[in-house]
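The values are calculated or read from the model by the stated rules, or taken from the named source; none is laboratory data. Computed from a predicted model, the values in this text were never measured in an experiment. Neighbour counts are summed over all protein chains in view; Cβ atoms, including those assigned to glycine, are modelled from backbone coordinates with ideal geometry.
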Amino acid sequence: LTQLRGDQVICVSNREPLIHDRGADGGVLVKRPASGLVTAVEPVMQACSGTWIAHGSGSADRDMVDADDRVVVPGGQQDYWLRRIWLTEEEEKGYYYGFANEGLWPLCHVAHVRPVFRRSDWEAYKAVNQRFADAVVAEARSEDPIVLVQDYHLALVPAMVREKLPQATILTFWHIPWPNPESFGICPWRRELLRGMLGSTILGFHTRFHCRNFLETVDRYLEARIEHEHSIISVGRKETYVESYPISIAWPDETESAAWPAVAASREAVRARLGLPEDARIAVGVDRFDYTKGIIERINAVERLLEKHPEHLGRLAFVQVASPTRSELDEYHGFQDRVKALVARVNARFGREGWQPVHLLAEHHDHAQLIELYRAADACVVTSLHDGMNLVCKEFVAARDDERGVLVLSRFAGAARELHEALIVNPYDVEETADALHRAVTMSEPEQRERMASLRTNVAEFNVFRWAGRMLVDAGRWRLRARVEARLR
Ligand code: ADQ
């Protein structure tokens with residue numbers, strides 16, 4: 001990140017890193033959203049003290065900001081600027097709920113939910129992308145700022161910024177998977193989306209697999225030259241470099257981990273809160289309440305585990321924390337209701353006086369509560385049906401400085417390509433997932449230690465600064481190359 005000294009860094013994302021709400025007493029409550037993107041990008045913005053442009057959200061937000069909608073966010077290392085864009089209800093409906101979350105989200109996650117494409121949503125998506133791009137141009141203090149574009153809400157922003165700031169270095173990071181060309185091809189505006197993204201200097205995905213899918217998709221739908229061996233796409237004279245940058249978390253420093261409650265105290269606290277017996281084993285799931293996260297498959301696996309291994313009855317508690325998300329969409333409503341009904345059925349089947357196997361806590365938890373839960377857990381279960389990376393599994397590993405606890409991880413999460421010492425499962429296979437759960441909660445201590453120590457080395461080393469650092473080093477190289485070529489012309 002020292003590369004950035006003297007350069008202006010502008011980050012643009014849909015979501016802002018804070019939520020302001022009114023408490024019961026009318027005071028303002030500041031919360032962190034449940035978002036993998038915020039978890040990963042905020043430490044980078046703090047380190048480079050940049051400007052973050054995002055959509056303002058939360059009922060108290062408008063009262064909190066000053067006249068020009070720019071605020072300073074106090075950071076761990078340094079403060080950074082936040083510039084809010086205010087969307088009307090209509091814009092949010094079409095751009096965010098409609099095109100981004102009913103169209104692109106299911107399009108890119110193969111989770112068997114059909115994408116919905118409405119022309120009106122697409123029009124709103126284009127208009128809102130233009131507003132974000134205009135804000136980037138307005139914030140730019142030079143002809144060649146470094147612009148970090150985040151995620152599928154803003155696919156058109158790179159080309160829109162490039163038009164006004166041809167010399168900008170634009171790094172776009174796609175936080176969700178990229179599907180194969182056939183799947184992507186059902187989108188009526190596939191070419192416009194691809195052209196928008198190719199305004200980027202560098203286009204980043206979590207895995208090589210997603211990069212390959214993207215290169216093949218461009219090959220299928222656009223007139224472009226593709227150098228597969230160098231991962232470069234050229235449209236006319238404009239080049240875009242496509243690379244994998246596996247995202248991660250900020251590894252906790254000693255001051256932070258010293259403040260954590262002891263593992264035994266965390267277990268005690270969770271047991272007391274949920275009324276679990278002394279010898280209870282605890283497995284946890286932590287997710288946004290989203291149909292891609294495999295929450296139904298996970299609870300089915302818990303049910304199968306209890307059928308196959310009745311010795312866990314009355315002993316094993318599965319705690320699922322699910323932060324409400326996109327609840328305005330029918331698909332999410334229906335899904336959240338189905339999960340609640342499933343939990344009620346499994347609890348009615350296996351529960352007994354004073355004990356229930358599944359605890360569904362459908363609410364947002366703050367960081368300290370998540371740390372307590374991670375530290376209390378014998379196993380953390382991540383069974384995404386498809387996930388760009390998944391940061392929950394990395395947070396669990398970071399929280400276990402006692403080198404205990406077992407990670408059960410879906411092979412369809414990008415993280416499975418790095419975290420080989422987890423118990424890797426296919427969440428669609430209920431037997432395999434139930435067996436992995438059994439293995440996790442009965443694993444010997446030495447094996448737990450061996451696996452966890454290795455996972456910790458990996459996540460500590462490949463942390464979020466490595467993610468950002470690699471991208472920015474590559475950006476530096478490409479910028480230099482463009483400058484040299486411009487001089488030669
Ligand atoms: P998400 O789909 O949001 O991210 P993930 O990477 O798991 O998924 O991050 C979720 C974040 O929200 C974590 O930091 C977690 O602690 C937090 N969180 C989840 N449930 C919570 C709850 N109930 N209360 C409070 N916090 C909660 C997208 C992609 C991922 C990719 C990230 C980053 O879908 O694949 O890893 O972006 O690129």
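A few points about this structure:
- Residue 20 satisfies every condition listed in (1) modelled with pLDDT of 75 or more; (2) outside any loop (DSSP other than H, G, I, E, B) except (1).
- Lone qualifier among 316, 342, 305 - being within 30 Å of residue 103 (Cα to Cα) and more than 11 Å from the ligand (Cβ to nearest atom): 342
- Filtered residue count, the stretch 240-249, keeping only those that are within 14 Å of the ligand (Cβ to nearest atom) and more than 15 Å from residue 458 (Cβ to Cβ): 2
- Count of the stretch 448-477 residues, restricted to those that are in a helix (DSSP H, G or I), at pLDDT 95 or above and closer than 17 Å to residue 415 by Cα, is 11.
- Listing of helices (runs of 4 or more DSSP H) fully contained in the stretch 28-114 that carry 2 or more residues being modelled with pLDDT of 75 or more: 36-48, 105-108
- Conditions (1) touching a residue at least 12 places away in the same chain (Cβ under 8 Å); (2) within 24 Å of the chain's Cα centre (by Cα); number of the one not met by residue 256: (1)
- Considering the stretch 355-366, and only residues there that are modelled with pLDDT of 95 or more and near the ligand (Cβ under 10 Å from one of its atoms), the residue that is farthest from the chain's Cα centre (by Cα) turns out to be 361.
- Residue within the stretch 147-155 that is in contact with a Pro (Cβ under 9 Å, 6 or more places away or on another chain) and away from the ligand (no atom under 16 Å from the Cβ) present: yes
- Index of the failed condition, residue 233 passing every other in (1) within 27 Å of residue 470 (Cβ to Cβ); (2) assigned to a helix (DSSP H, G or I); (3) more than 16 Å from the ligand (Cβ to nearest atom): (2)
- Among residues of the stretch 313-336, those that are among the polar types (S, T, N, Q) and under 21 Å from residue 272 (Cβ atoms), counted: 1
- Hits in the stretch 303-338 - residues which are in a helix (DSSP H, G or I), of a type in the set (A, V, I, L, M, F, W, C) and more than 23 Å from the chain's Cα centre (by Cα): 305, 306
- Residues within the stretch 403-418 that are farther than 14 Å from residue 379 by Cβ and of a type outside the set (Gly, Ala, Ser), tallied: 5
- For the stretch 300-318, the set of residues classified as surrounded by fewer than 24 Cβ atoms within 10 Å (Cβ to Cβ) and either within 18 Å of residue 384 (Cβ to Cβ) or of a type in the set (Gly, Ala, Ser) (or both) consists of 300, 314, listed by residue number.
- Filtered residues of the stretch 283-302 (kept if within 12 Å of the ligand (Cβ to nearest atom) and not in a strand (DSSP E or B)): 289, 290, 291, 292, 293, 294, 295
- Identification of helices (runs of 4 or more DSSP H) wholly contained in the stretch 367-447 with 1 or more residues that are touching a residue at least 24 places away in the same chain (Cβ under 8 Å), of a type outside the set (Gly, Ala, Ser) and within 15 Å of the ligand (Cβ to nearest atom) yields 367-376, 392-399.
- Subset of the stretch 229-271 (residues that are exposed (fewer than 12 other Cβ atoms within 10 Å of the Cβ) and either at pLDDT 95 or above or closer than 30 Å to residue 486 by Cβ (or both)): 229, 230, 236, 237, 258, 259, 262, 264
- Whichever residue in the stretch 362-405 is of a type in the set (A, V, I, L, M, F, W, C) and surrounded by fewer than 17 Cβ atoms within 10 Å (Cβ to Cβ) and, among such residues, is nearest to residue 265 (Cα to Cα): 368
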